[in-house]
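Notes to accompany the following structure.
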Amino acid sequence: MTFVLNLGLALLGGPLLAGVVRKMVKARVHSRQGPPIIQPFYDLFKLLGKEDLESSPSLVLRYAPMVALAAILAAALLTPMGVRPPLGGHGDMIVFTYFITIAAVMVIFAGLVSASPYSMMGAGREIMMHLVVEPVLIICLVIAAIKSGSLVMWDMAAWNYVNGPSISMIVGGVALLLALQAQIGKIPFDIAEAETEIMGGPLVELSGPKLALFEWAFFARQIVYASVLAAIFIPWGTGFALPWNIGAHLLKITVIILLVGLIDVVNPRLRIDQAMSYFFGVVFVALVGMAFALIGA
Amino acid sequence: MNSSTLLLAALILLGVGAVITVFIARYRTLCGYVAFVVVLVSSVWISLVSWTALTTGPVTVPLNFVTITAFNSSLEFVVNELSAIFLLLTAFIMTCASLFSIRYIQAPMYQRYSLTRYYPILLLFYISVISVLSVHNMLFFLCFWEFMTWTSYVLVVFHWVEPESSSAGLRYFIAAHVGTGCMVLATIILYSHAGMLDFSALRDTMAQLMVSSPVTAHTVIGLFVIGFATKAGILPFGFWIPAAYRAAPGAFSAVMAGCLEKLGVYGVLVVFMLLTPVSRHTTVWGVWIAVLGTASLFVATLTALQQTDSKHLLSFHSIGQVGYIWLGVGAGLALLRISPPLAVMALVAGLFHAINHGFFKSLLFCSASSAVYRTGVRDMDKMGGLMYIMPVTAVSAIVGSLSISGIPGFNGFVSKWLIFAGTIMGGLSIPSLVFMGIAAIFISAVTLASFVKFLGMVFLGKLEVGPEVERREVPVSMIIPQVALGIFCILFGVLPVVAIKPLYTAVSRMLPGNYAPTFASVFGSSPLTVNLSLTGTASGSWGPIVVLVAFAGCLALAYFIFRMGGAQTRTVPMWLCGEEHPFAEVRYPVHSFLLPFNRLFATIYPSIPMPRLPRPSTILRALNIDDWLYYPGLRLGERIIRVLRATHAGNSQLYMLWVIVGAALAIIVLFTM
């Protein structure tokens, strides 16, 4: 049951929420009509049927998109989404972090194997962004681990629900929110893809179903990250009966993704060095949160 | 044969093998096979002995006829549970390395060097490692330790003709001897108090010293830690590692990274588990060891990211990974008195990472050496796309890279996960551990980035080798070791309990009874899932099989989506905005790959120039025979000859004059006689 919930939410909720953002936020800011809400699905299905152009005969390039999507889905199975995650008893926050990393690495692999200068540049940027953004997620999860005395993500969520908000968890939540924009590759931090500059970076040589799978993985990634923030760091709305729990969770991630979409549409892209210095600030905020956690606040 | 005979037989066989290989060194292939068979047989015997030690308890081989009465010491080999673990690792890696050597050492660049300086020394080195791991007397321990340093030094300077190789060897030699010097000093201090050098006697003395004169006790422990840190390659003492690993032949780099470094870890465990009783000191030193480990994993891995030479990159990662091991071991020692279950977990984590690092780092050195063997270059900028000519090597390198980066499903993940869990949970009692844990997790991502670079530049991408390079896989005898090591990386990744159980046995039997909780209370009772239960409930879990099956399911789903549209595939050239460029023009070089990030950390590894020692000039002058004997003599001779030549060259009248004067002289002589 929960398998279906987590996978379904990641696979279908991701594109749907992206459609909502495009219609409700982006189009409204641009004062235009906007595409239908299910436009992302039209795009994905169209891409899946289009011709697959390969510039490199590598097997890695053939399987990277599948592994990326599969890794995000596996991470989704470890993420609490209003209910206990289906794989919660077999993997904890460190396993989760690594699955997220695998997906990022697949993007990098795709860029490297394509060997186009644009894709190589994009892959390098992707690595650098990952290296500065990943620590924020880790530190925030460690704060929750210290507070709850457990590395299992559902225990963290349960602990925060039972014990209510605390200073360290709030600081951690803020840091995670500040990093979320980059973690899901949105402007001002879409530096790795940067369509207007390096034409999609690691994805420049991809087309058809490969591109569709990566796009789909990125949509699902939004749901996973928003769920971590919502379930672990926003301690309200988990004490009801089952369907209400899920409803509250959906509401929380919708609000988060709309907020992210709003920031995306009103900002210009940063340069990679600007982004890195910004994230060193965020890491510092997260470390402050951890200092609070260690003194028990 | 019983176990104690087997151990002796293995040592004797290796000794005999060393002698034989000296005589047949001219037949390069035969010599390689003989050495391999000798290593294989003795490794099997050593493994049997180690297995007995792990299952039924220590194996003792007294050799009382070797007694040094002056130091009250007699030789005795004892294989206990801890040394059994390290012996198993050594046996496996030595076997792989000697098989790998057979063809590797016949590469064109090694043709000019005689193999008398390779195989016999390798076998002697193996003897010394086995002996170091199984003596329990400080005198013999130091003797074999020194023997090991000498043999490994000879192997490091195998390409002695190249100046960088001999300078790397010199660095190693000096560093190793400073380290050994510290250990000798510590031993002398202890001997002056104990009057004996057996580990058990030293332990009693240490217990007394800790109460009566704690400064002496701390000095002794500190000296030992410095000595072992030097061998393990912990910064700042491990500065010799990058140069030495780069200079050594690839197969021996694998051995150095795989088992020589691990002896430093073994030494630290011996100091804190066999030589000193558990006390306040253990906690203090545990934190310091963890700090050293964190510093070296942080600095070395970020430095590795900036390297363009494949063996340099791997050796900086060696320093980094040993940092992880020390972090685990240090956290374990620090927590020993506070929370035994957590401590046992962290110690097992450190030990497990030592084993895993042995497997994947040897594998990576073998793969990198295969790439060098085939292409003849080391700079990653000049390789690329080797996957298309060396598929098996490429897959092994990918397995090794994924293991060292700690991707779930590979062995590196399990041990790193245990280290992270130990440091984060240990942070509840010792807060500084959390920060070290976070640094370690962050560095894990850096490791991944740097291996993505390694794979991307060497094995993936577009095939780019010169026309002189043979386009085929390396020989089978070089592939088998890589595949064998790779299989273990995956096996321990998927079934971690298989490895954790013996490691837990080793750790718990080394600790006093009240510090050793049961296996189930630390790692859970499931054979497939590791459930850490440190605060009562499960506080961390990793079930590789369940998660990997779910992942496979997700993969199947992704494949189904991929195939859903029934898209056709077509091969097209690379798209460069409609323009056509030769590939070399648009190639993105290694050094610019992570430029902004590297610029940030450019100065993290300060390179301190080797101080030039002032040497007394008279001695130098006296030694330089050319200057005061040969050249002056030569110049004198030249001057005389120039004068003589002038009399024969020039105008003919002068020459005639000589003839007349000569004839006159001859006539005078003839007529006066």
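Just so you know, all these numbers are worked out from the coordinates, no wet-lab data involved. Predicted model only: the values in this text are computed from it and were never measured. Please note: Cβ atoms are built from the backbone with ideal geometry, for glycine as well, and neighbour counts cover all protein chains shown.
Details
- Estimated [θ] at 222 nm from DSSP helical runs (n ≥ 4, -39500 (n - 2.57)) normalised by residues in chain B, nearest 500: -23000 deg cm²/dmol
- C-alpha long axis of helix B:496-510 to longest principal axis of chain B, angle in °: 80
- Look at the alpha carbon pairs under 8 Å that are at least 6 residues apart: their mean separation over the length of chain B gives a relative contact order of 11 percent.
- Share antiparallel - DSSP beta bridges, the protein assembly as shown, percent rounded to 5: 85
- Among B:Pro632, A:Leu151, B:Ala18 - extreme Cα towards positive end, dipole of the protein assembly as shown, charges at beta-carbon: B:Pro632
- Around the amide H of B:Glu76, modelled in the peptide plane, lie the amide H atoms of B:Leu63, B:His136, all under 5 Å away and 5 or more residues distant in sequence or on another chain.
- For chain B: rounded, prolate or oblate by the Cα gyration tensor [a/c cutoff 1.5]: oblate
- Rounded to 0.05, the FRET efficiency of the B:Tyr559 and B:Ile480 pair, given R0 = 45 Å and the Cβ-Cβ distance, is 0.90.
- Dividing the summed -39500 (n - 2.57) terms of all DSSP H runs of n ≥ 4 by the residue count of chain A sets its mean residue ellipticity at 222 nm at -22500 deg cm²/dmol.
- Each listed q (0.09, 0.11, 0.13 Å⁻¹) maps to a log10 I(q)/I(0) for region A:2-294 from the Debye sum over equal C-alpha point scatterers, namely -0.41, -0.63, -0.89.
- Listed residue (B:Val530, B:Met457, B:Phe442) projecting farthest to the positive dipole end of region B:423-567, Cβ model: B:Val530
- Under-5 Å amide H pairs with A:Glu54, H placed in peptide plane, nonlocal only: B:Arg570, B:Thr571, B:Val572
- Based on the reciprocal of the average 1/r between different C-alpha atoms, the Kirkwood radius for the protein assembly as shown equals 30.4 Å.
- The local environment of B:Ser444, defined by Cβ-Cβ distances under 14 Å, has a net charge of 0 under the rule Lys, Arg +1 and Asp, Glu -1.
- Neighbour net charge for A:Val107 - beta-carbon separation under 10 angstrom, K R +1, D E -1: -2
- With the charge dipole of the protein assembly as shown set up from +1 on Lys and Arg Cβ and -1 on Asp and Glu Cβ about the Cα centre, the Cα lying farthest toward the positive end among the listed residues B:Ile102, A:Val105, B:Leu495 is that of B:Ile102.
- For region A:2-294, a crude dipole built from +1 on the beta carbon of Lys and Arg and -1 on the beta carbon of Asp and Glu, taken about the Cα centre, is about 680 debye to the nearest 20.
- Note on B:Arg635 and B:Gln653: their simple-model spin labels are 3.6 nm apart, each label 7 Å out from Cα toward Cβ.
- Near A:Ala231, once Lys and Arg are set to +1 and Asp and Glu to -1 for all other residues with Cβ below 11 Å from its Cβ, the sum equals +2.
- Model label sites at B:Ala207 and A:Ile170, defined 7 Å from Cα along the beta-carbon direction, differ in position by 5.4 nm.
- When only the Cβ of Lys, Arg, Asp and Glu is charged (+1, +1, -1, -1), the dipole of the protein assembly as shown relative to its Cα centre reaches about 380 debye.
- Two-site label geometry, B:Val549 and B:Val161: point separation in nm, points 7 Å out along Cα→Cβ: 5.9
- Here the Karplus relation 6.51 cos²θ - 1.76 cosθ + 1.60, evaluated at θ = phi - 60°, turns the backbone of region B:66-81 into coupling constants of 8, 10, 10, 5, 4, 10, 6, 10, 10, 6, 8, 9, 10, 9, 9, 5 Hz, with x for every Gly and Pro.
- Within 10 Å of each Cβ in A:93-101, the average number of Cβ atoms from other chains: 6
- In a DSSP loop and with at most 14 other Cβ atoms within 10 Å, the trypsin sites (Lys or Arg not before Pro) in region B:1-110 are B:Arg26.
- Packing-based ranking, highest mean first, of B:267-280, B:349-362 given that Cβ atoms within 10 Å are counted: B:349-362, B:267-280
- In chain B the longest region clear of GluC sites (Glu not before Pro) that are loop-assigned by DSSP and have at most 13 other C-beta atoms within 10 Å covers B:1-467.
- Cβ-Cβ FRET estimate between A:Gln274 and B:Thr67, R0 fixed at 56 Å, reported to 0.05: 0.20
- Other protein chain Cβ atoms within 10 Å, averaged over every residue that makes up A:110-122: 5
- Between helix B:340-375 and chain B: long-axis angle, C-alpha atoms, 0 to 90°, nearest 10: 40
- Once the chain from B:Arg26 to B:Ser200 is taken as fully extended at 0.36 nm per residue, the excess over their C-alpha distance is 57.9 nm.
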